Amino acid sequence: MKQFTAFVRKEFYHVFRDPKTLLLLFGMPIAQIILFGFALTNEIKNSKIVVVNYAQDEEARQLINKIEASANFEVAEQLMNHREIEDAFKAGIIKLAIVFPNKFSQTLHHEGQAQIQIIADASDPNTATTLSNYAQAIIRDYQSSLIPAETKALSINTQVRMIYNPELKGVYNFVPGVMALVLLLVGVLMTSVSIVREKEMGTMEVLLVSPFNPLLVIISKAVPYFFLSLINLTIILVLSSTLMEMPINGSLFLLYFASAILIITALSLGLLISNSTDSQQAAMLISLLVMLMPTLLFTGFLFPLENMPWPLQLVANILPSKWYYIIVKSVMIKGLGWASVWKEILILMGMTAFLLTLSVKKFKIRLA
Amino acid sequence: MQQEIVISAHNLTKKFGDFVATNQITFEVYAGEIFGFLGANGAGKTTAMKMLCGLSTPSSGEATIAGFDVYKEPDKIKQNIGYMSQKFSLYEDLTVAENIQFFGGIYGLKSKELKAKTKELIETLGLTNEAHKLVGSLPIGWKQKLAFSVAIIHEPKIVFLDEPTGGVDPLTRRQFWDLIYAASDRGITIFVTTHYMDEAEYCDRISMMVDGYIKALDSPENLKKAHGASTMDEVFFNLARGAQRQGD
């Protein structure tokens, strides 16, 4: 025990005396949260549009007011002629144009229907789709307000409720993703680099010659990084719930439990990487390659996994981060408990147990 | 001469694929002696030492350290040896005192004992003013003296030193050897590899490795006599002339 505390103390000295390590450890989660929370978002706010209003009547004016009032749009200009639309698109100011035809109100009241043209800049297809959806929603909303309650005509009204995330906020997606990313990246990097550094410096030999059990070397390396990762997680949670109004609806304990498993996965992976290389640079590079791309691509927070061809879905299934992401989303947003996520927890634990055994075995082989 | 044998190697061999790093080496080291393990770079010194320390498993042959078998009782061996690696083996981002505390700690020294030992070590090495400075800021000679003192902090039976004085000026080397003599006087057996021939003169007995074999093993005086040489340098040239391996 005395040996163990001596070792853990030494690890903490390493961490707190190296500004680079500290920056990586605590700077990264903060930077990630701010990046994903504020800068990188798939919500579109205050998008500039133009309106061509040939109608100039009551209904058109009301509808334009509604559009302008929404957080998504900002009417940059009211054009007189639809020929000017293309110039506005070409100038790059706007992403969407809405055209009200002549006699809009009149047609609407007499014929029972009228048309509005929405033109979107589809050179960026995602933005175009999202913006036209926003516009259609506003128009639909306005339309339903026009229909008198006592109308007898047959009509099916869809009632859409976006549950769990009524405001369709992007952070609900990103925060769990960032949690997976940061925990994995920090854990893998820290462990692999700190073990490889001992090899590089020659201190590993001295440790292995000492009566200190090699298994204890691993554990004493893991313990500080385990706790630092938990602190990291706390930073992310505090930041995202205060700055980004990310809810934590479920059990905090369950959330930390799942995170603890992921952290152990990361530490095992780091250990595994440290076995395959003798230089800190290589360890860092491998960690980044192995962790960053797959986590970004296959966790599901940037690209929906459901749309991927099955071989890629298979890849996603063998990544721990995917399962962690599912658990975190279920717990934080839906407020689900053990009963709902036990399967994912079991899968995650299985992966962790596998990786841990593998890395410890590999580590022992090196001593021979 | 009836002396306690603390290291015995018999036909000890290490192969890396086709390459035989150490080839059937056989020797004995007696308690309390300073045993020099000499050879050119790549002769197999470090490999042999790693097998004796339990860092590397021999391909064949037998060896016992402090009476314990290298295959069966590596844990018992570890408790009885100290080791100073070729690379500088302290933590540069820890202070002098912290390094002593750490290595004392992993060798299981009791808190009280460790405290006294730390104080004593720092005073003997004349590092009182540097005790709370990072080791990385010390000159290399001091680092190596500290590394040696840390390697024997648990008073082992045997200490293995792998080219401990590389890159150090002659004066510091002499001071380093004073520490070795002091440890030897306390009964610690010293097993030291080197390729400085002047250091060979300081040893009680030396073995000369060439291309994985032990070519000679005796006291420096006897070796010089046998080769009709006046210095160890000449002895070394005589023996190493036919070497096939060049460098590491």
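Before rounding to the nearest 500, sum -39500 (n - 2.57) across all DSSP H runs of length at least 4 in chain A and divide by the residue total; then give [θ] at 222 nm in deg cm²/dmol. Don't skip to the answer; put the middle values down first.
On the way: 15 runs with 239 residues, N = 368.
For chain A, the value works out to -21500 deg cm²/dmol.
Would you kindly derive the ³J(HN,Hα) couplings of region A:335-352 from the backbone phi angles with the Karplus curve 6.51 cos²θ - 1.76 cosθ + 1.60 (θ = phi - 60°), listing them in order in whole Hz, with x for Gly and Pro?
For region A:335-352, the Karplus-derived couplings read x, 6, x, 3, 4, 8, 10, 4, 5, 5, 4, 4, 4, 4, 5, x, 4, 4 Hz, x marking Gly and Pro.
Per the Kirkwood definition applied to all pairs of different Cα atoms, how many angstroms is the hydrodynamic radius of the protein assembly as shown?
One decimal place: 29.8 Å for the Kirkwood radius.
Could you give the size of the charge dipole of chain A about its Cα centre, using +1 on the Cβ of each K and R and -1 on the Cβ of each D and E, expressed in debye and rounded to the nearest 20? Don't jump to the answer; show the numbers that get you there.
On the way: 28 positive and 25 negative charges, 362 e Å.
Once rounded to the nearest 20, the dipole reads 1740 debye.
With θ taken as phi - 60° and the coefficients 6.51, -1.76 and 1.60, list the Karplus ³J(HN,Hα) couplings across region A:133-142 in order, rounded to whole Hz; mark glycine and proline as x.
5, 4, 5, 4, 4, 5, 5, 4, 4, 5
With a Förster radius of 35 Å, plug the Cβ-Cβ distance of A:ASP278 and B:GLU155 into 1/(1 + (r/R0)^6) and report the FRET value to the nearest 0.05. Mind dumping the intermediate values first?
On the way: r = 33 Å, r/R0 = 0.93.
Between A:ASP278 and B:GLU155 the formula returns 0.60.
Starting from the coordinates of the alpha-carbon atoms of region A:4-100, obtain the Kirkwood hydrodynamic radius over all distinct pairs and give the value in Å to one decimal.
17.7
Rg/Rh for chain A to two decimals, with Rh computed the Kirkwood way over all alpha-carbon pairs. Working shown, then result.
Details: Rg = 27.6 Å, Rh = 24.2 Å.
Answer for chain A: 1.14.
Per DSSP H run of n ≥ 4, the term is -39500 (n - 2.57); total these for chain B, divide by its residue number, and report the mean residue ellipticity at 222 nm rounded to 500 deg cm²/dmol.
After summing the helix terms and dividing by the residues of chain B, the value is -10500 deg cm²/dmol.
Treating only the Cβ atoms of Lys and Arg (+1) and Asp and Glu (-1) as charged, compute the dipole magnitude of the protein assembly as shown about its Cα centre; round to the nearest 20 debye.
1080
Using 27 Å as the Cα-Cα cut-off, could you pick out the over-long pairs in B:LYS50/B:LYS225; B:LYS50/B:LYS157; A:LYS221/A:LYS334?
Over 27 Å Cα-Cα: B:LYS50/B:LYS225; A:LYS221/A:LYS334.
Of A:THR234, A:MET162, A:ASN275, whose Cα points farthest to the positive end of the dipole of chain A (charges on the beta-carbon: +1 Lys, Arg; -1 Asp, Glu; origin at the Cα centre)?
Positive-end residue among those listed: A:ASN275.
For the pairs A:LYS20/B:LYS14; B:LYS45/B:LYS115; A:LYS199/B:LYS76; A:LYS362/B:LYS78, note any where the Cα-Cα span goes beyond 30 Å.
From A:LYS20/B:LYS14; B:LYS45/B:LYS115; A:LYS199/B:LYS76; A:LYS362/B:LYS78, over 30 Å: A:LYS20/B:LYS14; B:LYS45/B:LYS115.
May I ask you to list the lysines whose Cα is less than 17 Å away from that of A:LYS48, ignoring any residue fewer than eight positions away on the same chain?
Within the straight-line limit of under 17 Å, A:LYS48 reaches these lysines: A:LYS66, A:LYS90, A:LYS95.
As a test of the definition: which semi-axes, in Å, follow for region B:160-233 when you take the square root of five times each eigenvalue of its alpha carbon gyration tensor? Largest first, please.
Calculated on Cα positions only, the semi-axes equal 21, 14, 13 Å.
For chain B, rounded, prolate or oblate, judged on the Cα gyration tensor with a ≥ b ≥ c (square roots of eigenvalues), a/c < 1.5 rounded, else prolate if a/b > b/c?
The shape class here is prolate.
Plugging the Kirkwood radius over Cα pairs into Stokes-Einstein for region A:166-290, at a temperature of 20 °C and a viscosity of 1.002 mPa s, what D comes out in µm²/s?
D, rounded to a whole number, is 136 µm²/s.
Once phi is turned into θ = phi - 60°, what whole-Hz ³J(HN,Hα) does the Karplus curve with 6.51, -1.76 and 1.60 give for every residue of region A:237-245, x standing for Gly and Pro?
So the J values, rounded to whole Hz, are 5, 5, 4, 6, 7, 7, 7, 10, 6.
Taking the Cα centre as origin and putting +1 on Lys and Arg beta-carbons and -1 on Asp and Glu beta-carbons, what dipole magnitude results for chain B, to the nearest 20 debye?
Charge dipole, chain B, about its Cα centre: 400 debye, nearest 20.
Is region B:92-191 rounded, prolate or oblate when judged by the Cα gyration tensor, a ≥ b ≥ c being the square roots of its eigenvalues, rounded requiring a/c under 1.5 and prolate requiring a/b larger than b/c?
Oblate, because a/c is 1.5 or more while a/b does not exceed b/c.
What is the Cα centroid distance between region A:206-272 and region A:292-368, reported in whole angstrom?
Each part's Cα centre sits 15 Å from the other's.
Pop the C-beta distance of A:TRP310 and A:PHE38 into the FRET formula with R0 = 41 Å and round what comes out to the nearest 0.05.
Efficiency for this residue pair is about 0.70.
What number comes out for the charge environment of B:VAL96, summing +1 per Lys or Arg and -1 per Asp or Glu over other residues with Cβ under 15 Å away?
For residues surrounding B:VAL96, the net value is +2.
Please give the per residue volume of the convex hull enclosing the alpha carbon atoms of region A:47-146, rounded to a whole number of Å³. Present the calculation step by step, with values, prior to reporting the outcome.
Numbers: hull volume 8.8 nm³, N = 100.
Per residue, the Cα convex hull of region A:47-146 comes to 88 Å³.
Under the 0.36 nm per residue contour assumption, what length would be gained going from the current alpha-carbon distance of B:LYS72 and B:ASP198 to full extension?
Length difference between fully extended and current span is 41.6 nm.
Computed from the coordinates by the stated procedures, all read-outs in this text should not be read as laboratory data. What you see is a predicted model; the values in this text were computed from it and never measured. Here Cβ is always computed from backbone atoms with ideal geometry, including for glycine, and neighbour counts include all displayed protein chains.
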